[in-house]
Amino acid sequence: MFSLRSISLIAAVGLCHFSVHATDTDDIKQQLAALKAQIAALEQRLAEQEVASKKTTTLLVQQQTEAVSKQETNDSDGIKLGGAIRTNYSHTSYSDGNKNRGGDFDFDIFRLNLNGSIGDVLLNAEIRFFDYMTAVKYAYVGYQLNEDWQVQAGITQVPFGNWPYNSHNYFFSTNYYLGLEDDHDLGLLFKRQLADNWQLDLGFFKNDELGGVDGYVSSRADRYSYDVVGYRLGDDGIYDDPAQPVGEYNTFAGRFAYQFEHSSDFTTELGLSALAGGLHNGNSRAGSYNAWALHLNSHYQRWNLQLQHGEYHYDIDDVERMAVGAYAFYDSIAAKAKTSTINLAYSLPVEWGPVTGLQFYNNYGLVYDKSDNSRDTMMNVTGFSVAAGGLFTYFDLVHARNQPFVGGSAAGDSGETERRFNINIGYYF
C-alpha cells in the first residue's frame with residue numbers, strides 16, 4: 001500500500017513528464033485535471049482504509065480485554081478447602097487419675113472448612129469431627145447487596161458482644177458457656193461493613209442450629225455452640241438429660257458499634273448488643289428470653305483491651321435453672337444472671353525460625369447474681385499463643401470456680417478454686 005508521500009512523488013514525476021512531452025496545452029490541462037482527480041480518489045480510499053484499520057484494532061483490543069476479564073472472573077470463582085487438626089494436653093487439679101499420670105494428651109478435633117464463591121454467591125462452612133460427636137459450627141451462603149451491606153443465610157453467628165470473640169485464649173470467656181459468645185443459629189444475618197466509623201449487624205434466627213426443640217437429631221447435645229435445651233425442676237440433676245425440653249425460636253438480635261480513632265495506632269470500638277426471642281416446648285410457647293451487653297474493644301499499638309458487661313434472662317414461670325447442651329453432654333445455668341469480663345493482651349511479632357508471632361494475655365470472667373442462688377462462676381486464664389507457619393498453639397493456665405471443663409458446672413455451688421494447665425496444638429491448612 002502506498003503512503004501519501006509516495007503518491008505525491010508519483011504525481012510530481014507525472015507532472016514533469018507531461019511538461020516535457022506534452023505539446024497540446026488543452027490536453028495537458030485535461031490530463032493534469034484527471035491526474036489530480038485520481039490522486040484525490042486515492043487519498044480518500046487511503047483515509048477510509050486507515051479509519052477501518054483503527055476500528056478493527058480497537059475491536060480486537062476490546063475483545064481481548066473482555067476475554068481476559070472473563071477469564072479472571074472464572075479463575076476467581078470456586079470453593080477453597082481448608083481445615084485443621086488439633087491435639088490437646090491437660091494437667092488438672094480436680095482429677096486424681098490425671099495428676100497421677102502426669103496429665104493426659106488427647107486428640108482434639110479434625111475440622112474442614114469451605115470458603116469461596118460461585119458467581120456472586122458466597123459460601124462459608126465449617127464441620128468439626130470429634131471422637132465423640134460431629135458438629136457443624138456454621139454453614140451459610142452470602143450475597144453482597146452493595147458496598148456496605150452483606151446478607152447471610154444459614155447457620156451463622158449471632159451478633160452479640162465483642163466481635164468475633166470476647167477472649168484470646170483456648171477456653172473463650174465465661175459468656176461462651178451461657179450461649180453469649182461465638183454462638184451460631186439458623187437464620188438470616190444482615191451485616192453492615194465498617195464505614196463512617198460505625199457498623200451494624202441485624203439478625204433473625206428461626207431456631208438453634210439443630211432445628212429447635214423437635215429437630216430431627218439423635219442428641220440435642222451434639223453441637224458446637226451452647227444453647228438452652230430445657231429447664232430444670234427441683235429434683236433434676238445438674239447434668240441430667242432435660243426432662244422438660246424447650247428450644248429457642250424466633251429470635252431477633254442486633255449489634256451496633258462505633259469506632260473512635262484516637263490516632264493512627266490507637267482505636268476504640270464501643271458497642272451495644274441485644275437479643276430477644278421465644279422458648280417453645282414442642283406444643284406451645286413456654287416462655288421468652290432476652291440478653292443485652294455493653295462492650296468495648298480498644299487497640300493501642302500492640303495492646304488490646306476488651307471490656308464487657310451484660311445480663312440475660314430466661315423467663316418461664318417458676319423456673320430458676322435452665323438446661324444447656326454442647327459437646328455431647330448436658331449442663332445447667334441459672335435462668336437469670338449478670339456477667340462481666342475483662343481481657344488484656346499484648347501481641348509481639350518475632351522472627352524465630354518458623355515462629356512469627358506471640359500473644360500474651362490474661363482473660364477474666366465472672367457470672368454473678370444468679371437466680372438459682374448458686375455461687376458465682378469465675379474463670380481466669382493466663383497464657384500465650386504461638387504462631388509458627390501452619391501451627392498455632394495455646395499455652396493456658398486456668399484458675400476457676402464452678403466453671404465447665406475446669407472441674408465444675410456453671411450451676412455448681414463449690415467454693416473451691418480448681419486449676420488446669422492446658423496446651424492445645426493445631427495445624428491449620
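Where a number appears in this text, it was derived from the coordinates with a stated rule and is not lab data. Everything quoted here is computed from the prediction, not taken from an experiment. Note: ideal-geometry Cβ built from the backbone for every residue, glycine included; neighbour counts use all protein chains shown.
I want the local charge near PHE130. Using Cβ-Cβ distances under 12 Å, sum +1 for each Lys or Arg and -1 for each Asp or Glu among the other residues.
Overall, the nearby charge balance is +1.
With the cut-off at 1.5 for a/c, could you classify the range 166-290 from its C-alpha gyration tensor as rounded, prolate or oblate?
Here the range 166-290 falls in the prolate category.
Taking θ = phi - 60°, what integer Hz values does the Karplus form 6.51 cos²θ - 1.76 cosθ + 1.60 yield along the range 191-199, in sequence order, with x for Gly and Pro?
3J(HN,Hα) across the range 191-199, in whole Hz: 10, 9, 5, 5, 8, 6, 6, 9, 9.
Starting from the amide H of VAL246, placed 1.01 Å from N in the peptide plane, find each other amide H under 5 Å away whose residue is 5 or more places distant or on another chain.
GLY230, TYR231
Restricting to Cα pairs below 8 Å that are 6+ residues apart, what does the relative contact order work out to for the range 302-429? Please round to a whole percent.
Taking the mean separation of contacting Cα pairs over the length of the range 302-429, I get 19 percent.
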